[in-house]
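Remarks on the structure that follows.
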Amino acid sequence: MAMIETQAGAVDATRTPTRSDKATRRRVASRLGLVVALALVVYYAIIFVLPFGVSIWLSLQNWDFIVDPKYVGLRNYQRMFSDSYFWQALRVTVTFSAVEIAAALLLGLVLAFLLSRLRGARQRTFMALFYLPVITPSIVAVLLWRWLYIRDGGAFNNLLTALGIPPQPFLLSSEQALYCIVVMVVWTFVGGVIVLFLAGINDIPEHLLEASMLDGAGLFRQFWHIILPLLRPIIVYQVVVSVIGTFQLFEQFMFLAGPGFSTRTLALYTYQLGFQSMDLGYGAAVSFFIFLALLVATTVQLRRQRATFEY
Amino acid sequence: MTIVTPRPVSQSGLRRSGGSARMTEIIILCILAGLCLLIVYPFFWLFFSSFKTAKDIVTLPVQLLPREWTLDSFRRVFASPDLLRPYINSLTLSFSTVALVLATSSLGGYVFARLQFPGRDLIFILILATTMVPFITLLIPLYLVMQRLGLLNSYLAILIPAAVSSFGIFLCRQFISVIPRDLYEAAKMDGCGDFAIYIRIILPLIKPVLAALAIFSFLASFNAYLWPLVVLNDKDLFTLPIALTKLLSTYGVTNYDLIMPASLLACVPPLVVFLLFQRHFVQGIALSGIKG
């Protein structure tokens, strides 16, 4: 008997191949798989792992791009905690995210529920219109809203005066500016939220809602007691994705900026540090903080979700 | 993933008999119509402003309808090299990106869903883990890496990071893993190699996911502002978003008379791409949003 070693163990090579031999052959590594996997590993090493490592390294340096970088240990992070600009940017970012996510979620849920009450063509028409801002290029939307928010004679203020409301300073007011951006971003993304929730509502077996109707439940009851609890996993998912997304929005804050630093988010601060003030080490530190903050936020969210949700 | 889906709630119509159902429906339609109007309102301004004369656009207070309808502003956009070139650049980049993403995502998804090789599951999880790091954290370092590679101020610096999408690989893998094994086994029995199976069997079957991915990656690429801004210096290489913002102030004046029509034209490619692929789109969203 001539024995051959295969991945599954020793096999007698003089036997005629049987069914189980074919099973063994299948466990040999796929060449295509190896090639592709290797290519991906190399790719991610260069595009991801390397920059990530550089990010950490850079955050420990002091560098202005002209003179050689100087190692300063954790000084950048210490500086962060005593930097009032940093805290302001953090405040702006967190406030923005919280308000925007709450508004988009609420609006999205309500609209998705209302849309689910419609059928076919009607639903699709409304859906398409709500989705328009999502497929509009973000720079287009930003510039458009910048124009709409013009204080003297701009479209929004004209509308307000026509309704008897005094004209607002909008982007010229450090109190209003951030919320102006919130409105714009909610407008941009609510369509996507609706699509997600609508898909979730469609997954709810219809007999649940029919049963509730037989019990006399009105629209609101159906929404509160059946749809909302069953949509929980999707809501959590949407919140997590939104937090990650809102922390990284950029052009909105660059071109709809309010006075002073009232609308400077952490992302904008990072960009300015790295490419305007040429303070690369500190910029890297701030951007690394963003990563850590998001990591914590995401983990906390997912932990809570797993703990409380039962099917 | 369920192969047999229960009849969706919205399809059943859920009508109660009698007037109260009608009333409810009317209220719903009114609320939806009202909110819809609010959402679409900015687009009215974008649309009508593009047909105004240059002077009309910048006259304050603004008026919705043009005092005089004209196609002049579009002519000015096409005549302006600072807008036409970036428009074409963006389209070129975006289509290239879509092609790359579809290829890498489908192949990657297939490899992780169906093929066996050592470290398969570990590598897949690591690829998924990369989505945990936000782009802003990699902004400065990736710029430095591109600089070291001598790729700054070239389209490679934009295409290479965009070519592979972890999200795309994930989506394709999920979709491919539910393709019945029998198809796969039958092809193998006929002597098909792994790659042949990929081309002949897998690709045709995952069209919905590919369509959704095409839309996502086209939008992401066409939309991109920060990375191209940071990486490109050459005016001839600028993408459309960069060009539009450069219009914001030449000589201290905001050129809304150019921005409006240019913006309207900028909306066309994403809209077209979306309309072409949207049939498969909602399916794709449902897959990505619910599963997991």
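Each reported figure results from applying straightforward, stated rules to the coordinates on display, with no laboratory input. All values derive from a computational prediction rather than experimental measurement. Here Cβ is always computed from backbone atoms with ideal geometry, including for glycine, and neighbour counts include all displayed protein chains.
Quick notes on this structure:
- The distance linking the stretch A:252-311 with the stretch B:201-248 is 23 Å (Cα centroid to Cα centroid, whole angstrom).
- Percent of Cα-Cα distances greater than 29 Å, calculated over chain A: 58
- Counting only other chain Cβ atoms within 10 Å of each residue's Cβ, the peptide B:228-239 averages 1.
- Unit Cα scatterers, Debye sum, chain B: log10 I(q)/I(0) for q = 0.09, 0.15 Å⁻¹: -0.65, -1.21
- Lys/Arg +1, Asp/Glu -1 at C-beta; the stretch A:61-193 dipole; positive extreme among A:Trp187, A:Leu115, A:Tyr85: A:Leu115
- Coil-residue GluC sites (Glu not before Pro) of the stretch A:166-235, DSSP, other Cβ within 10 Å capped at 12: A:Glu175
- Dipole magnitude (debye, nearest 20) for chain A, charges at Cβ of Lys, Arg, Asp, Glu: 740
- The alpha-carbon positions of the protein assembly as shown define a convex hull whose volume is 202 Å³ per residue.
- At least 20 Å along the helix axis (C-alpha) and Kyte average at least 0.5, DSSP helices within chain B: B:19-49, B:81-114, B:207-223, B:268-290
- Computed about its Cα centre, the charge dipole of the protein assembly as shown is approximately 1080 debye, with only Lys, Arg, Asp and Glu carrying charge at their Cβ.
- Distance between the C-alpha centres of the stretch A:80-107 and the stretch A:156-198: 17 Å, rounded to the whole angstrom.
- Dipole magnitude (debye, nearest 20) for the stretch B:10-121, charges at Cβ of Lys, Arg, Asp, Glu: 220
- Average projection area in nm² (convex hull over Cα atoms of the stretch B:8-130, one quarter of hull surface): 16.2
- Here's the list of aspartates and glutamates a cross-link from B:Lys52 could span, going by alpha-carbon distance under 12 Å and ignoring same-chain residues fewer than 8 apart: B:Glu68, B:Asp72, B:Asp257.
- Length-normalised contact order of the stretch B:80-290 in % [C-alpha pairs under 8 Å, at least 6 apart]: 34
- Adding -39500 (n - 2.57) for every DSSP H run of four residues or longer, then dividing by how many residues chain A holds, sets the calculated 222 nm ellipticity at -21000 deg cm²/dmol.
- Shielding value for A:199-207 is 6, the average number of Cβ atoms from other chains within 10 Å of each residue's Cβ.
- With the charge dipole of chain B set up from +1 on Lys and Arg Cβ and -1 on Asp and Glu Cβ about the Cα centre, the Cα lying farthest toward the positive end among the listed residues B:Gly193, B:Leu128, B:Ile39 is that of B:Ile39.
- For the stretch A:111-251, projected area of the alpha-carbon convex hull averaged over all directions, nm²: 11.1
- From helices alone, chain B scores -22000 deg cm²/dmol at 222 nm; the rule is -39500 (n - 2.57) for each run of n ≥ 4 DSSP H residues, then divide by the residue total.
- The separation of the stretch B:102-123 from the stretch A:203-251, counted between C-alpha centres, amounts to 33 Å.
- Counting, for every residue in A:37-50, the Cβ atoms of other protein chains within 10 Å of its Cβ and taking the mean gives 6.
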